[in-house]
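Visitor: Sending over a structure as structure tokens; questions will come in a sec.
The values are calculated or read from the model by the stated rules, or taken from the named source; none is laboratory data. Quick caveat: nothing in here was measured; it's all calculated off a predicted structure. Reconstructed Cβ throughout: ideal geometry from the backbone, glycine too, with neighbour counts over all protein chains shown.
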Amino acid sequence: MISLDSFDRRLAWCLGIGTFILFFLGADSVGFTRDEGYYFKAARDYGRWFDLLFSQPSMAFSQASIDSNWSYNPEHPVLMKSLFALSDLFFHRSLGWLDGPTAMRLPGMGMAALAVALTYLLGRQMFTREVGLLAALMLLFSPRFHYHGHMACFDSAVTAVWVAVILAYVNRGESIWGHVRLGLVFGLAIATKHNALFLPIVFGIHWLFCQRDRFILAHGKLRLPPIPWWVVSMGILGPLVFLMHWPYLWPEPLERITWYLSFHLHHEHYPVRYFGEGLWDPPFPRSFPWVMWAITLPLVTVVAAIAGTLTQAWSCFQALWNGVWDRKEHAFLLLLTALFPAFLIAGPKVPIFGGTKHWMNGLPILLIIAAAWAWPAILKLAGNRRYLTGVVSAFVLLPGAVTTWRHHPHGIGSYSELAGGIRGAANLGMERQFWGGASRQLLDKLNKEAKPNARLFLDRTNLDAFKAYQETGLLRADLRFARGPSRADWGISFHQPDSDWVISYLRQSRFKPVAAVEVEGVPMASLFKKEP
């Protein structure tokens, strides 16, 4: 492990701040998603509790107060939603600098920026400064990560804390504080999203394999090495932080935690279009996460990731064969933490909706592996000419940067060269949209042409996301929300499996298409107007 110096920390800060500014400047064009509507409402509910906490602390901790303010959206921990609430209270209600929905998006942007900065730090510690920087920029210019970085959601956040826990794990040393820090960071990670619950399993596999020479077989019984302190730290401090951060759990912790875990163990399935086939129910193809990574990341990144993974795996095998395994413990950890999320999603009964976001937490580590292979290749191509090193590095990053720019703000449906871009992916029958954000680009036409008090049906957009458009001034305040197309004067539908019925209904009724959102000539969303 390489120690960080002040330059590394300054560079990480620059990467993080630069990423945050980039996301903030691009957020206005990114439409509000269905899930954001839920989290906006949750944040406003939690905000009322914070108001009570600041004004009447003794009343805030009563069960009546907790149940009335924290019962909404118990499917997810509340660290990020609490940050959404506090950002809304501070930047919108107190200072008046931003509208509420934009203020609530700030923590998500901040966590995406943190993911980029931490990717640099981990790459720097594992390899070199150049590898860390290349990996961080690869992450920034991954179109789908870039899209999710604008959201008031949890996917970019859990990507950041996944890297943070790995950093805490490899830097824990032998000190008490190092282990305490690991436990606290893990607690914050599981308070962000349930993906982080698998980290102890990953670390356990790593530890067991690295300690295999210390296993003792005596009298027919297998004796394990002493339990390491990181297990104690993560096992005690992690759950403690999780419990303390979520007031909803306090009145009935066992019952409510059990419900939370059960919800995700038995999560419903949403349909996905995959090579022309509508995947509604398991078993799902085991190839799904691997193919989706291959056709959504830039081709040069995919090549580097495959080559880097094979290189690291081969080096681990050689170290194991030659008896010098201690030199490759960190390489094995990188492979585990990069690939485990995708292996998990590859299970045939695991829900696969959500594009690539549900295993995005492994992406920064995969990109560190990719950069560790790409950087020596860049040096070899450039020879001893320093200026050529920068040129070749730019060409490695350019495809991702260009694709991110071209597909913004529709990065949720971005596909790379291997699929033939968005047009090629459409011809292959791949998913284009699933969250409803593409409505944003059709609102100007609605504002201009809809009659006063007209009723709008925005598919994949719930009432709270609809209200967010009105609160930000993107949608006229007089326009009304319709819960179904039969009650609407205007309708927006998306080109995705579970919206086919909407398009069929609108076309068969007195609606005519009047506009569409297109990327590379491929329709993402269509606007319909009801004829008199």
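Visitor: Collect the residues in region 308-361 that are closer than 28 Å to Ala157 by Cα and basic (Lys, Arg), keeping them in residue-number order.
Guide: Correct list: Lys349, Lys357.
Visitor: Return the pairs, sorted by first residue and then second, in which the second residue is part of a helix (DSSP H, G or I) and among the acidic types (Asp, Glu), the first residue lies in region 296-317 and is not assigned by TED's automatic domain parsing to the domain that holds Arg144, the beta carbons are less than 8 Å apart, and the residues are 6+ apart or on different chains.
Guide: Pro298/Glu417; Leu299/Glu417
Visitor: Let me ask something else. Quickly run through region 248-273 and pick out the residues that are within 22 Å of Ile352 (Cα to Cα) and not in a loop (DSSP other than H, G, I, E, B).
Guide: Within region 248-273, the subset within 22 Å of Ile352 (Cα to Cα) is 259-273.
Scanning region 248-273 gives Trp259, Tyr260, Leu261, Ser262, Phe263, His264, Leu265, Val272, Arg273.
Visitor: Among the residues of region 265-315, how many are surrounded by 20 or more Cβ atoms within 10 Å (Cβ to Cβ) and of a type in the set (Asp, Glu)?
Guide: 0
Visitor: Select, from Ser499, Ser486, the only residue that is more than 26 Å from Gly354 (Cβ to Cβ), part of a helix (DSSP H, G or I) and among the polar types (S, T, N, Q). Steps first, please.
Guide: Working: Ser499 fails: more than 26 Å from Gly354 (Cβ to Cβ).
Only one candidate passes the filter, namely Ser486.
Visitor: Filter region 94-135 down to residues that are among the aliphatic types (A, V, I, L, M) and under 19 Å from Leu25 (Cβ atoms), then give me how many there are. Before the answer, list the steps.
Guide: Initially, region 94-135 is screened for residues among the aliphatic types (A, V, I, L, M), giving 95, 98, 103-104, 106, 109, 111-118, 121-122, 126, 131, 133-135.
Then keep just the ones that are under 19 Å from Leu25 (Cβ atoms); that gives 98, 103-104, 106, 109, 111-117.
The qualifying residues number 12.
Visitor: Please go through region 87-123 and give me each residue that is among the acidic types (Asp, Glu) and assigned to a helix (DSSP H, G or I), ordered by number.
Guide: Matches in region 87-123: Asp88 only.
Visitor: Suppose we filter Leu456, Leu397, Leu474, Leu428 for residues that are among the aliphatic types (A, V, I, L, M) and either assigned by TED's automatic domain parsing to the domain that holds Leu22 or under 18 Å from Ser142 (Cβ atoms) (or both); which single one remains?
Guide: On the way: Leu456 fails: either assigned by TED's automatic domain parsing to the domain that holds Leu22 or under 18 Å from Ser142 (Cβ atoms) (or both); Leu474 fails: either assigned by TED's automatic domain parsing to the domain that holds Leu22 or under 18 Å from Ser142 (Cβ atoms) (or both); Leu428 fails: either assigned by TED's automatic domain parsing to the domain that holds Leu22 or under 18 Å from Ser142 (Cβ atoms) (or both).
The conditions single out Leu397.
Visitor: Step by step: first the residues of region 177-209, then only those that are of a type in the set (Val, Ile, Thr) and assigned to a helix (DSSP H, G or I), then the one that is farthest from Leu339 (Cα to Cα). Which residue is that?
Guide: The initial filter retains those residues of region 177-209 that are of a type in the set (Val, Ile, Thr), namely 180, 185, 190, 192, 201-202, 205.
Still in the list and also assigned to a helix (DSSP H, G or I): 180, 185, 190, 201-202, 205.
On the way: Val180: 27, Val185: 21, Ile190: 19, Ile201: 13, Val202: 10, Ile205: 13 Å.
Selected residue: Val180.
Visitor: Going residue by residue through region 508-522, is there one that turns out to be touching a residue at least 24 places away in the same chain (Cβ under 8 Å), of a type in the set (Ser, Thr, Tyr) and either surrounded by fewer than 17 Cβ atoms within 10 Å (Cβ to Cβ) or not in a helix (DSSP H, G or I) (or both)?
Guide: Yes.
Visitor: Which residues, taken from region 393-410, are in a helix (DSSP H, G or I) and either modelled with pLDDT under 95 or in contact with a Gly (Cβ under 9 Å, 6 or more places away or on another chain) (or both)?
Guide: Across region 393-410, the qualifying residues are Thr403, Thr404, Arg406, His407.
Visitor: Sticking with this structure for a sec: What are the residues in region 428-480 that are small (Gly, Ala, Ser) and within 16 Å of Met151 (Cα to Cα), if any? So that I can check it myself, show each step before the final result.
Guide: Initially, region 428-480 is screened for residues small (Gly, Ala, Ser), giving 429, 436-439, 450, 454, 465, 468, 473, 477.
Hits for region 428-480 are Gly436, Gly437, Ala438, Ser439, Ala465, Ala468.
Visitor: Something else about it: Which one of Leu261, Leu297, Leu249 is under 21 Å from the mean Cα position of the chain (by Cα), aliphatic (A, V, I, L, M) and closer than 30 Å to Pro74 by Cα?
Guide: Values: Leu297 fails: closer than 30 Å to Pro74 by Cα; Leu249 fails: under 21 Å from the mean Cα position of the chain (by Cα).
Within the list Leu261, Leu297, Leu249, the selection yields Leu261.
Visitor: OK, next. Within region 463-483, can you find the residues that are free of Cβ contacts under 8 Å to residues at least 24 places away in the same chain and either among the small types (Gly, Ala, Ser) or in a loop (DSSP other than H, G, I, E, B) (or both)?
Guide: Ala477
Visitor: Please pick out the residue among Glu174, Glu130 that is farther than 24 Å from Ala294 by Cβ, of a type outside the set (Val, Ile, Thr) and not in a helix (DSSP H, G or I).
Guide: Working: Glu130 fails: not in a helix (DSSP H, G or I).
Testing whether each residue is farther than 24 Å from Ala294 by Cβ, of a type outside the set (Val, Ile, Thr) and not in a helix (DSSP H, G or I) leaves just Glu174.
Visitor: Got a number for residues in region 55-86 being surrounded by fewer than 18 Cβ atoms within 10 Å (Cβ to Cβ) and outside any helix (DSSP H, G or I)?
Guide: Result for region 55-86: 8.
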